[in-house]
Amino acid sequence: MTISLYDATVASYLQIARAASGWLDKGLDHCRKTGADPEALTGARLYADMLPLAFQIELVNHHSLPAIECCRTGVFRPPPLTFSTLDYAGLQKMIADTIAGLEAAGEIDTLEGRDVVFAIGDRKVSYTAENFLLSFSWPNFYFHATTAYDILRGQGVKIGKYDFLGVLRMKE
């Protein structure tokens, strides 16, 4: 069986990003039903030394859509983070924009084999596009998605495993 780079990355990013959109919707619904402030959710953390929900959602974005873009340009740099300025609606918009961008990322298979450099300060690490996406970006994407899910769950949002999984890509 052969699997394309698109199926291994973009299709999986889309599945979980769409699910994350659903978690955020359920988070807002939870706030409306309980009288909680959705802005309090943006700063919610699993543990005091971990970064908040807003950061986790921003990194879900960063390790999907911008990661694919870096495979086009050849360089991946940590972005200036905006999570401290994002409100709940901003998180929802970020995920919606991520989904829209991923839906337009169909040409990723043509990027296979390209050189990608991860540059942070003076440090540079070289990858091929597929190894960057599958060994760096993809695990980071899932880490931050899982953490965002767990933060919402820990704040009482009624989400479960099937909410995390989203719409599965089953045989038709």
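The values are calculated or read from the model by the stated rules, or taken from the named source; none is laboratory data. Being a predicted model, the structure only gives us computed values, none of them experimental. FYI the Cβ positions are ideal-geometry reconstructions off the backbone, even for glycines, and counts take in every protein chain you see.
Quick one: in the stretch 42-78, of everything that is surrounded by fewer than 14 Cβ atoms within 10 Å (Cβ to Cβ) and assigned to a helix (DSSP H, G or I), which residue is farthest from the chain's Cα centre (by Cα)?
Among residues in the stretch 42-78 that are surrounded by fewer than 14 Cβ atoms within 10 Å (Cβ to Cβ) and assigned to a helix (DSSP H, G or I), the one farthest from the chain's Cα centre (by Cα) is 73.
If only one of 129, 119, 100, 96 is over 22 Å from residue 20 (Cβ atoms), at pLDDT 95 or above and not charged (D, E, K, R), which one is it? If you could, list the steps in order and put the result at the bottom.
Details: 119 fails: at pLDDT 95 or above; 100 fails: over 22 Å from residue 20 (Cβ atoms); 96 fails: over 22 Å from residue 20 (Cβ atoms).
Being over 22 Å from residue 20 (Cβ atoms), at pLDDT 95 or above and not charged (D, E, K, R) holds for just one of 129, 119, 100, 96, which is 129.
Test residue 154 against the criterion of being on the phi > 0 side of the Ramachandran plot, touching a residue at least 24 places away in the same chain (Cβ under 8 Å) and not charged (D, E, K, R), and give yes or no. Walk me through how you get there before you give the answer.
Numbers: on the phi > 0 side of the Ramachandran plot: no; touching a residue at least 24 places away in the same chain (Cβ under 8 Å): yes; not charged (D, E, K, R): yes.
Taking the combined requirement at face value, the residue does not satisfy it.
Given (1) aliphatic (A, V, I, L, M); (2) assigned to a helix (DSSP H, G or I); (3) over 13 Å from the mean Cα position of the chain (by Cα); (4) within 19 Å of residue 141 (Cβ to Cβ), identify the lone condition not met by residue 81.
Evaluating residue 81 over (1) aliphatic (A, V, I, L, M); (2) assigned to a helix (DSSP H, G or I); (3) over 13 Å from the mean Cα position of the chain (by Cα); (4) within 19 Å of residue 141 (Cβ to Cβ) leaves (2) as the failure.
Checking residue 158 against (1) over 24 Å from residue 36 (Cα atoms); (2) more than 19 Å from the chain's Cα centre (by Cα), only one condition comes out false. Which one?
Unmet for residue 158, out of (1) over 24 Å from residue 36 (Cα atoms); (2) more than 19 Å from the chain's Cα centre (by Cα): (1).
Are there any pairs, at least 6 apart or on different chains, whose C-beta atoms fall under 6 Å, with the first in the stretch 1-12 and touching a residue at least 60 places away in the same chain (Cβ under 8 Å) and of a type in the set (S, T, N, Q) and the second surrounded by fewer than 18 Cβ atoms within 10 Å (Cβ to Cβ) and in a helix (DSSP H, G or I), and if so, which?
These pairs meet every condition: 4/109.
Within the set of pairs 6 or more residues apart or between chains, which connect a residue that is closer than 18 Å to residue 3 by Cβ inside the stretch 95-114 to a residue that is among the basic types (Lys, Arg) with Cβ atoms less than 8 Å apart?
Every condition considered, the pairs that remain are 111/72.
For the stretch 11-28, check the following and say yes or no: at least one residue is of a type in the set (Asp, Glu), outside any loop (DSSP other than H, G, I, E, B) and touching a Pro at 6+ places or on another chain (Cβ under 9 Å). Break it down into steps so the answer makes sense when it comes.
Start the filter on the stretch 11-28 by keeping residues that are of a type in the set (Asp, Glu), which leaves 25.
Then drop every residue that is not outside any loop (DSSP other than H, G, I, E, B), which leaves 25.
Keeping just the survivors that are touching a Pro at 6+ places or on another chain (Cβ under 9 Å) gives none.
There is no residue in the stretch 11-28 that is of a type in the set (Asp, Glu), outside any loop (DSSP other than H, G, I, E, B) and touching a Pro at 6+ places or on another chain (Cβ under 9 Å).
Just for helices (runs of 4 or more DSSP H) wholly inside the stretch 90-172: which have at least 3 residues that are surrounded by 12 or more Cβ atoms within 10 Å (Cβ to Cβ)? Quick ask: steps written out before the conclusion?
Numbers: elements: 129-132, 138-154, 161-165.
Hits in the stretch 90-172: 129-132, 138-154.
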